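> Have a look at the structure that comes next, please.
Read-outs throughout are calculated quantities, based only on the coordinates presented, and are distinct from any laboratory measurement. Quick caveat, the model's predicted, so the values are computed rather than measured. No Cβ is skipped: glycine too gets one built from the backbone with ideal geometry, and neighbour counts run over all protein chains shown.
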Amino acid sequence: MKTVVIKKTGKLSFLTFSLASSALLISACQKTPEPAPVASAPDAPASTAMPTGLVKNPVKHADTADVTKWMDMASNKSAAQIAKEEKLAKEAKDAKEAKEAKDAKDAKLAAEAKTLAAKVKEVPKVASATATAPAPVPKPVEAPPPVVAAAPKPAPVAAPVENLTLKVISSVQPKYPSTAVRAGITSGVVSARVHVDTDGKVSQVEIVKANPPKHFDKEVIAAASQWKYAPISKPLTTLLEFNFKLDN
């Protein structure tokens, strides 16, 4: 009978501990101000040892005390404290991700800088190879021949303008002859060819046509010989016509 009592006592202690742990977890989740009272398990007799083989990993009293203390601390935290802790955890996570991104970017920039530095090192080699090539020798520049000033050409003499137009300066009209009046002639027409010299004077008068003939010839020759023209480039000949009419 004594052995049976010991086994029942061990089972009862384990069940009691399980119930207490469940109650603490439920109280922490519901955020009650204080955890529900836990019934204490009856102490086992000091002289009785726990039989082996009933529990694979027996729970120690010290571990139970730590869990109970953590559950008490969790149940005593306010909503503000929990939100603050969540915020701090999120900030720590964001800072870690930002640091990882920055490190990756710095590594990429360092690789690009290394590649650029390698390209820059190749440039002086090309420049030095170019510098060693001999520079072309410039050809001597021949001096231009001396410029001889040309003698000034004489200004062209303007040719005289040739004037072949007769311009009357003064004229004399013939008189009606008395012989024609006595003969009863009241009108007549005479055409005369006039020769003009370069000084504009009339040198000769020739009767070309007269109607009636010989009545007005002398008067026409006398009057046309007194005509004066403007100077001309060379002698010219013109034709003049004189009309006679007797006024009553």
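> Quick one: putting +1 on the C-beta of Lys and Arg, -1 on the C-beta of Asp and Glu, what dipole do you get for segment 78-122 around its Cα centre, in Debye to the nearest 20?
On the way: 12 positive and 10 negative charges, 32 e Å.
I would put it at about 160 debye.
> Quick check on packing: order 91-103, 184-196 by the mean number of other C-beta atoms within 10 Å, highest mean leading. Before the final figure, lay out each step's value.
Details: 91-103: 10.0, 184-196: 16.5.
For the peptides 91-103, 184-196, the packing ranking is 184-196, 91-103.
> What are the ³J(HN,Hα) values, in whole Hz, obtained from phi via the Karplus relation 6.51 cos²θ - 1.76 cosθ + 1.60 with θ = phi - 60°, for each residue of segment 172-183 in sequence order, with x given for Gly and Pro?
10, 8, x, 7, 6, x, 5, 5, 5, 5, 5, 7
> Near the amide H of Gly200, under 5 Å away, which other amide H atoms are found, from residues 5 or more places off or on another chain, if H is placed in the peptide plane?
Excluding prolines and chain starts, which carry no amide H, the hits are Ile232.
> Here's a follow-up. If you build the convex hull over the alpha carbons only and average its shadow over all orientations, what do you get for segment 185-248? Give it in nm² to one decimal.
On the way: hull surface 17.4 nm².
Projected over every direction and averaged, the Cα hull of segment 185-248 covers 4.3 nm².
> Between Val168 and Lys218, how many nm apart are label points set 7 Å from Cα along the C-beta direction?
According to this spin-label approximation, the distance is 2.4 nm.
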